[in-house]
1. Of the accessible area of the chain, with the probe set at 1.4 angstrom, what percent is carbon plus sulfur?
2. Rg/Rh for segment 120-175 to two decimals, with Rh computed the Kirkwood way over all alpha-carbon pairs.
3. What number comes out for the charge environment of residue 39, summing +1 per Lys or Arg and -1 per Asp or Glu over other residues with Cβ under 14 Å away?
4. Can you give the relative contact order of segment 206-348 as a percent, counting alpha carbon pairs under 8 Å and 6+ residues apart?
5. For the chain, with only Lys/Arg (+1) and Asp/Glu (-1) charged at the beta-carbon, what is the dipole magnitude about the Cα centre, in debye rounded to 20?
6. Peptides 485-497, 121-133, 418-430: what's the order by average Cβ count within 10 Å, highest mean first?
7. Per 5 Å bin, what percent of the C-alpha pairs of segment 441-551 does each bin hold, from zero upward?
8. Suppose the chain between residue 133 and residue 349 were pulled fully straight at 0.36 nm per residue; how much longer would it get relative to their current alpha carbon spacing?
Amino acid sequence: MLNGRLYRVAFVPFALALAVAAFSLTARPLPLTSTLAPDAFDGAAAFAELKSLAAEFPNRRPGSPGDDELAARIAQTLEGLGAAGHGGFQVRTRHFQAQTIDGERTLSTVIAQRAGASGAAPIVILAHRDASAKGSVAELSGTAALLELARVFAARETQRTIILVSTSGGSGGDGGAIDFAAHDASPPGPFDAAIVLGDVAGRGERKPFVVPYSDGFGSAPELLQRTVAGAIMQNVGGDPGAPSTIGQVAHLAFPFATGEQGVLNASGLSAVLLQVTGETTPSPGEAVNEGVLEGFGRAALSAVDALDRAPDIESAKQTGVVIGRETIPEWALRALLAALLIGPLLLAADGYARLRRRRGASGDRAMIRGLEWTAACALPFFLAAVFAKALGWLGALHAAPATGVQASALPLNAAATRAVLAVGLVLGLAWLAWPWAVRRLGYTVRPDDDAAGLAMLTVTLGVGVVTWILNPYAALLVLGALHLWLLLVSPQTRPPRPVALALILLALAPLALLIAFYARELGIGPGAVAWDAVLLLAGGHVGLAAAALWSLALGCGVAATLLALTPRADQDHGIDGGARLTIRGPRSYAGPGSLGGTESALRR
């Protein structure tokens, strides 16, 4: 039975953690600024080059002849700006194998390096040149801006080494960025920061213009974000926007980025994506504008100049949440979440102690069976996840990049639909076979023991604690279930079925909101969401251990649902599974409390 008094006492540490968190708020850092006029960036020349390159190289699928020919043109252009000894660039091209939206392909990365006057850590400016669809002029604008910036830096002395990188694979898989981060460490030492140029000429705006998200836990340092955002405000005008609180929490809870800054941040290089369309890749037919290209090109130049003359950017990732002008550090949020885990932890321990007092050694056996039954509820999800990963391992999916992919790059076509249906079929067959398998193991489909609820709570608590250790923001997805499902643990206090099912749905709301957020940000529907889930598993973005943890969490949801559908003790059976008692009277004891009228008897 739920001990309400113990549950209330467990909130005392939360109040203390909340007070500590209130004093932990820190002010946002001031952006670095540039004192030089960025008008050296010639917007008209960059726009003319954009039009010329788009007309000459309309087909730029990753690793295609058009992509390779454009790489050769970029290398030739950079080499024509002068040798490294005369203020120009040292240019080299790297060829490698990588997974793309067209499967494994040979890609080329063009790297141009211009030495700075000091030995300070270099600054990287990166843009991908490939595109999934023919034309895609807006997506090529980052390359046009990169070449114009190269002309500016060829004639300007900098304190830091400037490294310009033209990659392929940015349309899906980010193979060029991954290879660059892994193999092209600069001789002067670790990188200071990187600015990834995406669509910097499109007419369709979608804020924020500075995207800091990572494929791993955390995001780009806030100082880098504010520096680039300040440069945009100065050269473009207007508010460049900032990541919303919901967006920050969502990306921290489930790291998932579709831009190349995601893999750079995950590898330890602080990077932001500068893009007119925010986190979304522009459509193939997106119109371009010379004024937009000039404004964002000058903003990039201004940001690089500010970074060039300032101390190194702190390499630590941004793991806190920015709310208004204040930042809540990750350790404070972790402490708050830990305090909220205390209540379910105490009640689970108290429930197990009560079970031992009532049933002795048989209580241990019942608890073990309940744990096994709850784990069995996760098996269908895990089998479906393993099948999806097997599709990637065996090469059954033509393309399964390990990073996030925009819906336009890998649309839900016939092949994708077959893959989603195959995984769904495995999941469906697993659930059809689940009752038979559970009965063969000696269990019942629906729990018939009061230990099942406690076992479900224990497994959910284990998932929550492990998730909290690995990623405290991901624990938010489980926290509601840990508190709401306390009412489902005891057969005597379980609410009626409609209320119990409502508690199940309410506990799953954070997961639904997370999925809805990413669907909205990426502009995809339910079918594409399922396709992206298959790609994340098959490509390896979600590992086997993470898939097992997700399966356990979903299995707890199924177990809680079966508990909610199980008749309450006062509706069907008693605690011991016998017939419902309608008359209370002495069995072996006729003393005070035997009729159930005292509070102490109710607790027993």
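1. Details: 16140 of 25780 Å².
Within the chain, the accessible surface is 63 percent carbon and sulfur.
2. Numbers: Rg = 13.1 Å, Rh = 12.4 Å.
Rounded to two decimals, Rg over Rh is 1.05.
3. Numbers: positive: 151, 156, 298; negative: 42, 148, 294, 305.
Net charge around residue 39: -1.
4. 34 percent
5. Numbers: 46 positive and 46 negative charges, 645 e Å.
Dipole magnitude for the chain comes out near 3100 debye.
6. Values: 485-497: 19.2, 121-133: 26.1, 418-430: 15.8.
Listed from highest to lowest mean packing, they are 121-133, 485-497, 418-430.
7. Using 5 Å bins, I get a P(r) of 2, 10, 15, 19, 19, 15, 12, 6, 2, 0 for segment 441-551.
8. Working: separation 216, 0.36 × 216 = 77.76 nm, distance 5.75 nm.
In short, 72.0 nm is gained.
The values are calculated or read from the model by the stated rules, or taken from the named source; none is laboratory data. Every value quoted in this text rests on a predicted model; they were computed, and no experiment measured them. Glycine gets a Cβ as well: all are built from the backbone with ideal geometry, and neighbour counts include every protein chain shown. Only protein heavy atoms, including side chains, enter the accessible area calculation; ligands, DNA and RNA are left aside. Shrake-Rupley method; radii C 1.70, N 1.55, O 1.52, S 1.80 Å.
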